[in-house]
Amino acid sequence: MIKACIFDLDGVIVDTAKYHYLAWKELAKGLNFNFTKKDNERLKGVSRMRSLDILLEIGKKDLDEETKLKFAENKNKKYLEYILKMTPDEILPGVIDFLEELQSKNIKIALGSASKNAMTILNQLKLKDYFEVIIDGTKVSKAKPDPEVFLKATQELNVKPEECIVFEDAEAGIEAAINGGVKCVGIGSPENLGKANYVTEGFENVSFKKIIELLN
Ligand code: B16
Ligand code: MG
């Protein structure tokens, strides 16, 4: 029996990838190389420092650790400028109805995100109160596909992994759920998210009831 749902944030509840993209693109410009939208796909669900390593690999740049930390900090400052302008209008379609259906059925709700800015984003979107447990990039030491983020959420919710469903838009996140023994619904296209138990474009016209039927 499913007792809880764990949501990834970026790409599931809100599309922040476009802001990450703008901030990383600016950094790449400063280093004299181009960073494309296609390149940005590789950063979804990946931690900030790992994202920087991928970016530098694309631009064929080699930087020492101290410079990398400074660049990551600068990128985050730029990213914060964008997310501090976000409003609840940016919550993806169907998300609020889905969360309210869960509440009405007494299904527990948690967040499982790699982002260290998750609290700021939830505050901007006025969504924080829906979440009983919030596990974000400040609370984990191992990045997805390691299951740490989702297993910490199950522990804090006091439920077993097999009693949960994870909602994820990134391949690394889906692998993290599978590695933790948690069922997973992919948010996006089946081409990239084939490992998930079920894939849907988003939450519009999707109910918890329907997902349970499909997973059984
Ligand atoms: P930050 P998620 C992830 O969030 C993003 O998908 C990924 O692109 C980003 O690099 C990562 O958070 C770290 O974000 O720089 O804000 O700590 O999808 O796990 O909710
Ligand atoms: Mg994501």
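Things to note:
- Among the conditions (1) crowded, with 21+ Cβ neighbours inside 10 Å; (2) part of a loop (DSSP other than H, G, I, E, B), D146 misses just one, which is (1).
- Considering A172, A153, A176, the condition of being within 15 Å of ligand 2 (Cβ to nearest atom), touching a helix residue (DSSP H, G or I) at 6+ places or on another chain (Cβ under 9 Å), assigned to a helix (DSSP H, G or I) and not hydroxyl-bearing (S, T, Y) is satisfied by A176 alone.
- Those helices (runs of 4 or more DSSP H) lying entirely in segment 60-130 with at least 2 residues surrounded by 15 or more Cβ atoms within 10 Å (Cβ to Cβ), not assigned by TED's automatic domain parsing to the domain that holds E171 and not small (G, A, S): 65-83
- Search result, residues across segment 8-65 that are within 14 Å of ligand 2 (Cβ to nearest atom), free of Cβ contacts under 8 Å to residues at least 60 places away in the same chain and among the hydrophobic types (A, V, I, L, M, F, W, C): A17, L43
- Of the criteria (1) out of contact with any strand residue (DSSP E or B) (no Cβ under 8 Å at 6 or more places or on another chain); (2) of a type outside the set (F, W, Y); (3) within 12 Å of ligand 2 (Cβ to nearest atom), which one S141 fails: (3)
The values are calculated or read from the model by the stated rules, or taken from the named source; none is laboratory data. Keep in mind the model is a prediction, meaning the values are calculated, not measured. All Cβ positions, even for glycine, are placed from backbone atoms using ideal geometry, and neighbour counts span all protein chains on display.
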